[in-house]
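The values are calculated or read from the model by the stated rules, or taken from the named source; none is laboratory data. Keep in mind that what you see is a predicted model, and the values were worked out from it rather than measured. Using ideal geometry, Cβ is built from the backbone for each residue, glycine included, and neighbour counts are taken over all protein chains shown.
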Amino acid sequence: MAITFLAVSIIGALLTLNALWPLRRPDAVAVLEFFPGWLTSELPFHHLAWQAVCTAVFVGLGALDHAAGWAGLAVTLVSWLGVVALVRRSAATAEQIEAALRRGLGDDYRDSVDAPLGERVPITWRQIARPFHVRTATVTVERNVPYADSARKAHRLDVYRSVDGGRGCPTLLYIHGGGWVFGDKREQGIPFMSHLAARGWVCFTANYRLSPKATFPDHLVDVKQALRWVRQHGAEYGADTACVVVSGASAGGHLAAMMALTANEPAYQPGFEDIDTSVQGCVCWYGVYDLTNRVGARGRGFARFVERTLLKVRLVDDAAAFAAASPIDRVHPGAPPTMIVQGTNDTLVPPAEARYFADVLRRTSSSPVVYAEVSGAQHAFEVFRSVRALHAVHGAGRFCGYVHATAPMAGPG
């Protein structure tokens, strides 16, 4: 019993250690680090609870009758100190996001934020205790609306809006991640969309064709088709499509950035070249901004994946294709206001890549750029409700409120 307690204590401590300081390893190891680090760093109270229950059970069964049991208890207590550090990091997210918004938008930016989004939103223990319960009573969802002349499941979107309805509502188009090869509109961005919809926005989230069957720019063409549909039919759901903010996470962050930077390019909207595909703002969550690894932060595995699965050409054979698909190569002075949110502990998207993209965008774009680096955050940290996720979502909501209040509006679709 004492040996088992020691083994369980070591596992708990390793999970805590990985959440605090993930190793920077080759791609395959980084993926393995991600899952335990993600859950532990975003659910520290739950992590502490299961360790406490295990400790009580083992102590009750006599684990402390042997030296190994006392060693296990010592390891557990050290692990709990680490959990306290995780909690403190999560709580610091509010200040970090607010500081980033002030740097990018100005100290008085809140004066220009729409009232529902500028108000302080409390975080409750019920939200923290039930992180995967992401539905909001004041938000209704309409699912699987076709956005293209196709029977494909990939060409469906969901609509999130307030149960109170409303007309002339600002609009969000959200793009899910999944490495361009998996994922679904039902799985990501829900806390963010629910937060906005509850405060008068209409949010659309679209599926799109996935690799390896799809080859870039198929993915981008699809989400631009979704934007075309929003511009043509959004008013039927109460949306004012003169103000559309695009957002996405991971691979969806890549596509959101590409949408923001390639507005109205005929090559990416075949058959609907006359539709306005500009957006008034962009929120990228831990997106992929460079397919060429120019900052040297990625392993070779990512390059092979892009060559074989996403673009289906080699970098040495067609560097132009990689540049065309990399947001960092598409930056221009007319880019819309952009917020970039990146975790320092992200093992799938290197923070150095996000910093570089933010720096290039800040030096080039005439619009505001907000770069928010979140201490201790892993990849996909805002998928479900946690202390860190809710602070980040509320901050991104303030950015959207600022965009709606200040950005020039688009013309009719």
(request) Output the number of the condition that Asp184 fails; it satisfies all remaining conditions of (1) surrounded by 14 or more Cβ atoms within 10 Å (Cβ to Cβ); (2) in contact (Cβ under 8 Å) with a residue 24 or more places away in the chain; (3) of a type outside the set (Gly, Ala, Ser). (result) (2)
(message) Cβ contacts < 9 Å: first residue assigned by TED's automatic domain parsing to the domain that holds Arg398 and in a helix (DSSP H, G or I), restricted to segment 110-130; second residue modelled with pLDDT under 90 and loosely packed, with under 12 Cβ neighbours inside 10 Å, any location; separation 6+ or different chain. Result?
(response) Arg126/His133; Gln127/His133
(request) Evaluate segment 101-110: report whether one residue or more is hydroxyl-bearing (Ser, Thr, Tyr), exposed (fewer than 12 other Cβ atoms within 10 Å of the Cβ) and more than 18 Å from the chain's Cα centre (by Cα). (result) no
(message) Looking at (1) out of contact with any Leu (no Cβ under 6 Å at 6 or more places or on another chain); (2) not assigned by TED's automatic domain parsing to the domain that holds Val283, which one does Ala100 not meet, given that it meets all the others?
(response) (2)
(message) If I ask for residues that are touching a residue at least 40 places away in the same chain (Cβ under 8 Å) and either closer than 21 Å to Ala52 by Cβ or among the β-branched types (Val, Ile, Thr) (or both), which ones from segment 81-109 would you list?
(response) Gly82, Val83, Ala85, Leu86, Val87, Arg89, Ser90, Ala91, Thr93, Ile97
(request) Quick one: Thr140 ticks every box in (1) outside any strand (DSSP E or B); (2) over 27 Å from Leu348 (Cβ atoms); (3) modelled with pLDDT of 95 or more; (4) of a type outside the set (A, V, I, L, M, F, W, C) except a single one, so which number is it? (result) (1)
(message) Looking at (1) buried (at least 17 other Cβ atoms within 10 Å of the Cβ); (2) in contact with a Leu (Cβ under 8 Å, 6 or more places away or on another chain); (3) at pLDDT 95 or above, which one does Ser90 not meet, given that it meets all the others?
(response) (2)
(request) With the condition kept exactly as written, say whether any residue in segment 291-302 is modelled with pLDDT of 95 or more, within 20 Å of Ala214 (Cβ to Cβ) and part of a loop (DSSP other than H, G, I, E, B). (result) yes
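Table: residues versus (1) surrounded by fewer than 18 Cβ atoms within 10 Å (Cβ to Cβ); (2) at pLDDT below 95; (3) of a type in the set (D, E, K, R).
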{"residue": "Thr215", "(1), (2), (3)": "yes, no, no"}
{"residue": "Asp218", "(1), (2), (3)": "yes, no, yes"}
{"residue": "Tyr237", "(1), (2), (3)": "no, no, no"}
{"residue": "Ser247", "(1), (2), (3)": "no, no, no"}
{"residue": "Ala251", "(1), (2), (3)": "no, no, no"}
{"residue": "Leu261", "(1), (2), (3)": "no, no, no"}
{"residue": "Glu265", "(1), (2), (3)": "yes, no, yes"}
